1. Using per-residue counts of other Cβ atoms within 10 Å, averaged over each peptide, order 166-175, 194-203, 135-144, 153-162 from highest down.
2. Taking square-rooted eigenvalues a ≥ b ≥ c of the alpha carbon gyration tensor, is the stretch 100-165 rounded, prolate or oblate, where a/c under 1.5 means rounded and, failing that, a/b exceeding b/c means prolate?
3. Stretched out fully, how many nm does the piece from Trp321 to Ser46 gain, at 0.36 nm a residue minus the Cα gap?
4. Between Ile379 and Ser262, what is 0.36 nm times their sequence separation minus the Cα-Cα distance? Round to one decimal in nm.
5. Which FRET efficiency, nearest 0.05, do Ser205 and Arg337 yield, Cβ-Cβ r, R0 41 Å?
6. Would you calculate the separation in nanometres between label points at Asp104 and Arg302, each defined as 7 Å from the Cα along the Cα-to-beta-carbon direction?
7. With each label point set 7 Å from Cα along the Cα-Cβ vector, what nm distance links Gln287 and Ser346?
8. For the stretch 346-377 and the stretch 32-66, write down the distance between their C-alpha centroids in whole Å.
Amino acid sequence: MIDSVSHSTSIAGDASFTTGIAADAPHPLERLPVGSVGHELFRKPSKFDFFEAVLLLQQLAASEVDQPAAPIGKFAQPSQESLRFTVPHSQAFPTASIESIRWDAQQQRPQVCINFMGLTGPSGTLPRSYTQRLQQIEATSRHTDRHALRDWLDNFNHRMVSLFFDAWAKYRFPVAIRRQQFEPAKRKPSPTIVRVALSAIAGLSPPEPETKPHQAERNAHAAAASSQPKPSDEAKADQNESPRGEGTIDRDELLGLAGLLSQRPMNVANLQSALKQALGVPVRVKQFDSCWLNLETESQSRLGVEKCKLGYDTMLGERIWSRQQKVQIEVGPLSARDFQRFLPPSENHLGDGFRRLGEMVRVCVGPSLDFDIRPLLKIEQPLETQLTAETSLTRLGIDSWIGTPDDTAVANDAIFPGV
């Protein structure tokens, strides 16, 4: 059976191969600068790690052509890929993971001969008789198709090694980023693998494809926008009141907090770190802030109906006192300008910091936990109040005080419920 296969037509040797490299391109040792990494790779391949060598070969192939060959380990024909893997037909003990790298002048691509896996060779999975038979054919046969069996087995070797390399590189982010620079399939506008992974870690929805519109299209959009009437002040106020207006948290900011957002439920230290990084001001979270919780009608005790087991589920009243459903978030001490940002939105206050803080808390702890926001104002920067001014922004209990207390460095009277 082996003899019949050995005299069959070669599959890999006669396959056509088309890349952007010229058919008469010289050997890489002749065109690569002496002393460069690529030159040393072809001169002493055994000194290189297998994975690093494959990355370098793919990068070199992409840098020399306008339309690079297909990446290995995907769905392209093996003859269209940028390199080919083979195994040595020897039973000698291997001294390196790479036996040799030979330039195939006919197919204009390198052939990487490896030692650590394959069907035959020093690490072959088939019985040794197959390797011995290949050695015998190579040594004694003078037939033009004496390499048919070797090339046929190398088709399987090439596919196995290609999938092995692709599996190794799949979840290594630095390698994935590096491959995006020279693999044609990954040059299309799409979310980077790092953004996709960080979104999953942070519990966010997958990012949309990163498309960059043409400059002419952008100019057309800009011209159309400039021709439209500008929104009125009332419309701007309505937009600022929107919970998803300009104060929303950008996805890139959340991706920077993926490590903290992945730890659910989030502890106080991580919550303080996330809020401080997102807001850019000092933040302190006080736990176990007491509050009243209203009970649903079906949860209330009704004599002779339900919830009447004394010491088990009986409750008096329509609400209960809880110390575990609420936290208080102190922001500051703040300057007078920053203090205005962390006040609730109103007709004269955008409240962008207040809205941003509320959204960030909801992202971190979810909707089940209530919270109060307590902005702290530095006493050395008081807010001047003019009761008769037409443009006065004074709000009692929020940003106005009578006198300056001597026993404190901050004004901490204002407390607002979060949304």
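1. 153-162, 194-203, 166-175, 135-144
2. Here the stretch 100-165 falls in the oblate category.
3. Net length gain for the segment: 91.8 nm.
4. Full-extension gain reported as 38.3 nm.
5. In this case the efficiency is close to 0.70.
6. In this crude spin-label approximation the distance works out to 8.1 nm.
7. Label at Gln287, label at Ser346, 3.5 nm between them.
8. Using only Cα atoms, the two centres lie 54 Å from each other.
All of the numbers you see were taken from the coordinates with simple rules; none came from a lab. Every value quoted in this text rests on a predicted model; they were computed, and no experiment measured them. Please note: Cβ atoms are built from the backbone with ideal geometry, for glycine as well, and neighbour counts cover all protein chains shown.
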